[in-house]
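**Q** Quick one: the structure is below, and I'll ask about it shortly.
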């Protein structure tokens with residue numbers, strides 16, 4: 001377990017992946033220390049794109065922290081006001097809070113903001129599950145950081161300009177994640193979606209490629225699309241999303257056009273019954289919640305089914 005703040009600790013088996021930040025081995029040994037820092041002195045990374053979820057994995061982490069403490073120190077950088085900005089370890093910090101600990105072990109490193117962004121993104125991409133929105137904002141943050149760095153040294157101690165050698169930053173980012181530069185660009189496009197639509201992408205209600213096309217719509221057009229999807233209980237296919245994008249670029253994507261496109265039959269679509277909310281609103285008081293409408297309609301269908309079964313029994317006598 002870590003001792004007093006400022007005391008150096010050896011971390012068996014841990015390899016320093018950011019050695020290029022420091023000029024010599026002696027300097028690294030002096031600065032690469034694990035400190036036991038109070039949680040109330042540690043701030044989250046600004047606009048941290050990765051969610052800290054209250055899931056089963058978090059509960060397991062909390063139990064582990066209670067039993068044996070934090071085995072892998074977090075990484076932070078010290079800010080001008082003397083506080084610590086968390087670069088890696090947001091889930092560990094939250095686990096410590098849930099375990100009611102007052103402090104956690106942290107490696108404090110000297111980093112610029114852009115170096116911290118790159119390190120934060122790379123360390124979080126080691127997680128097993130990453131939502132599309134997390135990838136989108138993480139890729140965007142790293143791309144912006146790389147573009148700002150210019151000739152400065154990044155975490156691999158290689159000038160960005162030399163590392164690119166005529167290639168795009170998106171291509172370099174993709175090399176580290178196993179994705180093409182085009183796929184990186186597609187993920188970054190998702191950051192242009194309004195929050196409710198982006199949440200639907202995370203929830204798997206809107207497919208990735210249609211979502212990329214929808215990101216080109218104006219904000220007010222996206223809001224109108226959201227209302228249309230709720231009314232029609234439908235989401236656009238890739239072909240429909242591309243058509244909406246085309247109409248938007250021509251300045252012709254009004255509410256009527258959006259409804260018309262959504263109501264088009266999709267290729268290989270199985271025949272199904274769909275109900276528009278507007279068809280039933282006249283049967284209810286204004287402002288009736290959708291859940292109440294649905295419950296009432298289902299109760300009416302149950303009653304109809306019981307009467308139909310009774311009628312069939314009477315006819316069979």
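What follows draws every value from the coordinates through simple rules; no lab data is involved. Bear in mind that the values here come from a model prediction, so they are computed numbers and not experimental data. Every residue, glycine as well, gets a Cβ built from its backbone with ideal geometry; the counts of neighbours run over all protein chains shown.
**Q** Quick one: which of 308-315, 184-191, 133-140, 96-103 comes out on top by average Cβ neighbours within 10 Å, and what's the full order, highest first?
**A** Working: 308-315: 9.1, 184-191: 21.0, 133-140: 22.8, 96-103: 15.6.
Answer by packing, highest mean first, reads 133-140, 184-191, 96-103, 308-315.
**Q** If I model a spin label as a point 7 Å beyond the Cα along the Cα-Cβ vector, how far apart are those points for residue 180 and residue 233 in nm?
**A** Here the modelled spin labels are 3.8 nm apart.
**Q** Per 0.36 nm of contour for each residue apart, how much would the distance between residue 303 and residue 315 grow if the chain were fully extended, relative to their Cα-Cα spacing?
**A** Result for the pair: 2.5 nm of gain on full extension.
**Q** So, by mean Cβ neighbours within 10 angstrom, what's the order for 237-246, 86-95 with the highest one leading?
**A** 86-95, 237-246
**Q** Continuing with this model, one more query. Pop the C-beta distance of residue 209 and residue 58 into the FRET formula with R0 = 30 Å and round what comes out to the nearest 0.05.
**A** FRET efficiency, residue 209 to residue 58: 0.45.
**Q** Here's something else I'd like to know. If R₀ is 25 angstrom, what is the calculated FRET efficiency for the pair residue 51 and residue 97, using the beta carbon separation as r and rounding to 0.05?
**A** Numbers: r = 16 Å, r/R0 = 0.63.
After rounding, the FRET efficiency stands at 0.95.
**Q** Using the basic label-point model (7 angstrom from Cα toward the beta carbon), what is the residue 83 to residue 148 distance in nanometres?
**A** 1.8 nm
**Q** Multiply the residue separation of residue 129 and residue 281 by 0.36 nm, subtract the distance between their alpha-carbon atoms, and state the gained length in nm to one decimal.
**A** In short, 50.7 nm is gained.
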